[in-house]
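These notes concern the structure reproduced below.
The values are calculated or read from the model by the stated rules, or taken from the named source; none is laboratory data. Predicted, not measured: the structure shown is a model, and the values here were computed from it. Don't worry about glycine lacking a Cβ; one is built from the backbone with ideal geometry, like all the others, and counts go over all protein chains shown. Remember, those area values only see protein heavy atoms, side chains included, never the ligands or the DNA or RNA. Shrake-Rupley method; radii C 1.70, N 1.55, O 1.52, S 1.80 Å.
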Amino acid sequence: MKKIDSFIFDLDGTLLDTVSDIKEAVNYSLIKHHLKERTLDEIISFIGHGSMHLIKEAIAGNDSLFDSVFETYYKYYENHFNVFTKPYDGIIESLEHAKRRGIRLYIYTNKPYEMTENLVKYHFRKDLFSKVVSIKKTDRTFKPDPSLFLKEVEKENISFEDSFYFGDSEVDIMTAKNLNIENMVSVTYGYKTREFLENFSIKPKYLIDDAREIKDIVDRVYN
């Protein structure tokens with residue numbers, strides 16, 4: 001690789017630690033419907049496939065309540081999505097380092113559009129990302145399907161061969177594969193363990209334990 005074209009990032013568990021706010025919103029909606037609360041580990045296991053999947057797993061077969069639980073969850077989270085959420089240590093300095101090198105930065109997340117836009121606006125400077133791709137209520141495709149991202153960045157002329165994908169889950173590994181990105185970087189500081197990521201059927205090319213290691217990837221190419 002002569003240069004890096006782009007870095008594409010997952011959001012939850014990769015750029016931002018969001019799980020505490022998600023847990024609060026899920027359990028608020030479950031309690032409202034007299035359903036069993038979920039532990040942090042359970043919530044983590046449900047994350048990655050989008051909000052609808054999250055609630056389907058959380059209600060544990062009480063499918064008749066899905067619409068009401070989901071609506072309650074969405075409204076609560078819409079107003080409490082940034083209480084405990086914060087960037088992972090070292091992530092902002094790493095993003096800024098890559099940006100200074102001329103690497104374009106993107107986000108591709110299964111998180112709802114409204115929350116994503118507000119979180120990115122709050123935690124990162126305005127011009128840091130070239131494009132943020134998230135899920136609107138009318139969207140019916142989700143990661144690991146790459147079609148929404150490809151549609152949104154069609155005019156960006158991304159060289160996926162010269163790009164890296166960063167994520168914390170098996171969904172991200174599959175997304176990178178579906179985008180034909182060989183440089184898949186799985187982060188172990190997110191919501192999946194190193195053991196899980198190492199033993200997934202598709203192996204990530206790199207594993208990093210600290211967000212500051214993103215700077216090392218940049219420097220190995222440019223120094």
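A few notes on this one:
- Taken over the stretch 13-46, residues that are open to solvent by 30 Å² or more (accessible area, probe 1.4 Å) and within 24 Å of Ile208 (Cβ to Cβ) amount to 6.
- Selection over the stretch 3-12 of residues that are over 20 Å from Phe81 (Cβ atoms), crowded, with 20+ Cβ neighbours inside 10 Å and not aromatic (Phe, Trp, Tyr) gives a count of 3.
- Filter pass, Asn157 being open to solvent by 20 Å² or more (accessible area, probe 1.4 Å) and farther than 27 Å from Asn79 by Cα: yes
- Strands (runs of 3 or more DSSP E) lying entirely in the stretch 104-193 (those with 1 or more residues that are in contact with a helix residue (DSSP H, G or I) (Cβ under 9 Å, 6 or more places away or on another chain), aromatic (Phe, Trp, Tyr) and within 12 Å of Ile8 (Cβ to Cβ)): 104-112, 164-167
- From the options Ser130, Ser163, residue that is at negative phi, small (Gly, Ala, Ser) and touching a Lys or Arg at 6+ places or on another chain (Cβ under 6 Å): Ser130
- The stretch 100-118, subset of a type in the set (Lys, Arg) and within 19 Å of the chain's Cα centre (by Cα), residue most open to solvent (accessible area, probe 1.4 Å): Arg104
- Residue within the stretch 88-97 that is out of contact with any Phe, Trp or Tyr (no Cβ under 6 Å at 6 or more places or on another chain), closer than 25 Å to Ile173 by Cβ, open to solvent by less than 60 Å² (accessible area, probe 1.4 Å) and of a type in the set (A, V, I, L, M, F, W, C) present: yes
- Every listed requirement among (1) under 25 Å from Lys99 (Cβ atoms); (2) at pLDDT below 95; (3) not polar (S, T, N, Q) is met by Lys192 save one, (1).
- Per the conditions (1) open to solvent by 60 Å² or more (accessible area, probe 1.4 Å); (2) at negative phi, the sole criterion not satisfied by Ala60 is (2).
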